[in-house]
Amino acid sequence: MARTEEQTTTQVARYVDLALEAGATDARLIPAHEVCTAEWVRLRCQYGCGMYGRCLTCPPHSPTPEQTRRVLEEFTTALLIHTDGEADICEIATRIEREAFLDGYYKAFSFHAGPCHFCESCDPSRPCRNPALARPAMEAAGIDVFATAHRAGLPLEVARTRQCPQNYYSLVLIE
């Protein structure tokens with residue numbers, strides 16, 4: 001049975017409520033074409049993050065910015081989820097992805113925040129031990145999290161010290 005546009009809007013809006021109930025600080029539906037990608041983003045992973053090459057959800061194992069751009073073109077709607085670090089944003093995004101899939105949005109896919117934490121350690125030479133949970137980080141796939149958050153009207157600034165407010169983002173593509 002095909003969904004009407006009104007049914008689809010109501011159904012997808014429910015995921016905002018689910019994210020907030022799960023502990024998200026904010027969650028916003030945005031057009032998928034407003035997700036910003038850039039080639040330079042992965043350089044921050046390669047030169048600045050100790051997980052580069054050590055985790056299956058991080059570069060060079062994650063999708064490239066070009067692959068991510070092509071994937072984004074196959075979606076119209078994205079849910080941008082924001083937390084202040086109090087709630088596990090990766091678990092929230094995985095839950096929303098699963099709910100959307102079970103609701104018939106069979107293409108639903110999430111991008112998480114930062115390196116995967118579902119295992120204590122990762123052996124990139126072996127298959128993932130948690131493929132139902134592990135997803136690439138937004139930045140690992142070339143998503144410019146700062147530009148995407150700002151475009152959606154959400155806060156994100158460089159944390160200059162550990163005392164600065166923390167902001168974490170995940171993204172769920174829904175179609």
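The values are calculated or read from the model by the stated rules, or taken from the named source; none is laboratory data. Small disclaimer: the values here were computed from a predicted structure and weren't measured. Positions of Cβ are backbone-derived with ideal geometry, glycine not excepted, and every protein chain shown enters the neighbour counts.
Annotation: of all residues in segment 90-107 being closer than 19 Å to Pro63 by Cβ and within 13 Å of the chain's Cα centre (by Cα), the one that is surrounded by the most Cβ atoms within 10 Å (Cβ to Cβ) is Ala93.
Pairs meeting the criteria (first residue in segment 42-62 and in a loop (DSSP other than H, G, I, E, B), second residue modelled with pLDDT of 90 or more and among the β-branched types (Val, Ile, Thr), beta carbons under 9 Å, at least 6 apart or on different chains) are Met51/Thr57; Ser62/Thr68.
In a residue-by-residue description of segment 24-38, the property of being assigned to a helix (DSSP H, G or I), free of Cβ contacts under 8 Å to residues at least 24 places away in the same chain and not β-branched (Val, Ile, Thr) applies to no position.
Applying the set (1) surrounded by 16 or more Cβ atoms within 10 Å (Cβ to Cβ); (2) over 23 Å from Ala13 (Cβ atoms) to Val158 leaves exactly one unmet item: (1). Only one of the listed residues (Ser110, Ser121) is among the polar types (S, T, N, Q) and crowded, with 21+ Cβ neighbours inside 10 Å. That residue is Ser110.
Does segment 49-71 include one or more residues that are crowded, with 16+ Cβ neighbours inside 10 Å, aromatic (Phe, Trp, Tyr) and over 17 Å from Ser110 (Cβ atoms)? For segment 49-71, residues crowded, with 16+ Cβ neighbours inside 10 Å, aromatic (Phe, Trp, Tyr) and over 17 Å from Ser110 (Cβ atoms): present. Residue selection: Ala141 satisfies the criterion of being modelled with pLDDT of 95 or more and over 20 Å from Ala87 (Cβ atoms). On the stretch given as segment 137-160, residues that are under 15 Å from Arg44 (Cα atoms) and either in contact with a helix residue (DSSP H, G or I) (Cβ under 9 Å, 6 or more places away or on another chain) or of a type in the set (Asp, Glu) (or both) total 10. At least 1 residues being on the phi < 0 side of the Ramachandran plot and among the aromatic types (Phe, Trp, Tyr) is the threshold, and among the strands (runs of 3 or more DSSP E) wholly inside segment 63-175 those reaching it are 109-111, 168-174.
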